[in-house]
Amino acid sequence: MIGETGTGDDPADGWFPESVAAGYDAPGGANAPEVVAPVVDVLEDLADGPVLEFAVGTGRIAIPLAARGVPVDGIELSRAMAERIASKPGGDAVEVTIGDMTKTRVAGEFSLVYLVFNTIGNVTTQDGQVDVFRNAAAHLRPGGLFLIEVGLPDLRRLPPGQDIVPFAMAPGYVGFDQYDVVTQQFTSNHVTVAPDGRGRFRRIPFRYAWPAEMDLMARIAGMRLKYRWADWDRSELTAESTKHVSVWERAPR
Ligand SMILES: C[S@@+](CC[C@H](N)C(=O)[O-])C[C@H]1O[C@@H](n2cnc3c(N)ncnc32)[C@H](O)[C@@H]1O
């Protein structure tokens with residue numbers, strides 16, 4: 001069901017097949033140095049030995065972190081995304097295993113497991129998300145840390161009777177999220193119209209969870225909240241925050 005039809009995409013690559021991977025490293029946006037550097041700063045600071053990135057993608061964060069001397073492993077579902085790592089300068093320093101972060105194990109014990117850029121939401125069941133926390137804990141040494149960066153659901157922008165929150169409107173592009181507040185599912189929708197009038201509609205499913213639910217998932221997995229920030233600048237989470245960066249600690253020995 002996943003992967004766009006008629007593109008030659010491999011369904012095993014999930015929502016990030018070749019047609020998406022090909023444009024993922026476009027300059028600017030999430031790839032801009034001023035976006036990447038604060039993430040790498042925090043991860044380098046928290047790392048105290050080898051680290052593991054769940055859903056490592058094309059190495060947007062893993063490669064610059066490895067360049068600072070931190071040993072980085074990654075797990076990634078999409079072969080199309082992962083294959084780009086080895087072809088980038090410094091990419092050979094990142095050891096990647098193709099697999100599912102809910103269950104794939106890699107050898108070694110890590111000081112930090114991290115999962116950034118909203119990707120916990122790509123696992124669309126509560127059981128699956130708990131499995132991600134369990135799998136993170138299983139890779140951590142006692143006292144090791146699990147970090148998640150994820151947007152907070154925009155439910156405060158939903159008036160009664162409405163389920164859609166637009167987040168982007170630009171020439172040739174409209175983006176909107178559609179929420180089901182009963183099931184905690186939402187879809188992120190991207191409509192792109194090329195100058196020749198040809199259109200493309202991508203609809204990606206997510207599951208949202210409040211920070212408190214994630215704290216319970218962490219407890220189920222034997223971890224406790226250590227830090228919760230509103231962003232990579234370690235600012236305080238407030239009612240106006242649009243995302244959180246949370247760090248849980250596996251119980252020390
Ligand atoms: C938004 S990208 C983030 C990639 C990278 N972490 C970054 O920050 O650029 C999400 C990535 O998660 C991967 N992914 C989604 N579900 C996954 C799963 N269950 N196990 C492993 N990787 C997964 C996708 O294939 C995709 O490469």
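Key figures for this structure:
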| item | result |
| --- | --- |
| Sole residue being over 30 Å from Pro252 (Cα atoms) and among the small types (Gly, Ala, Ser), chosen from Ala47, Ala37, Ala82, Ala62 | Ala82 |
| Residue among Glu83, Glu149 that is surrounded by 13 or more Cβ atoms within 10 Å (Cβ to Cβ), among the acidic types (Asp, Glu) and within 21 Å of Trp232 (Cα to Cα) | Glu149 |
| Matching option when the condition is in a loop (DSSP other than H, G, I, E, B), more than 10 Å from the ligand (Cβ to nearest atom), surrounded by 17 or more Cβ atoms within 10 Å (Cβ to Cβ) and not basic (Lys, Arg), among Val96, Val56, Val113, Val70 | Val70 |
| Qualifying strands (runs of 3 or more DSSP E) (wholly inside region 163-253; at least 1 residues being hydroxyl-bearing (Ser, Thr, Tyr)) | 173-180, 185-193, 223-229, 243-250 |
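Every number here is computed from the coordinates shown, using simple stated rules; none is lab data. The structure presented is a predicted model; accordingly, all values stated were derived computationally and were not measured. Backbone-built Cβ (ideal geometry, glycine too); neighbour counts: all protein chains shown.
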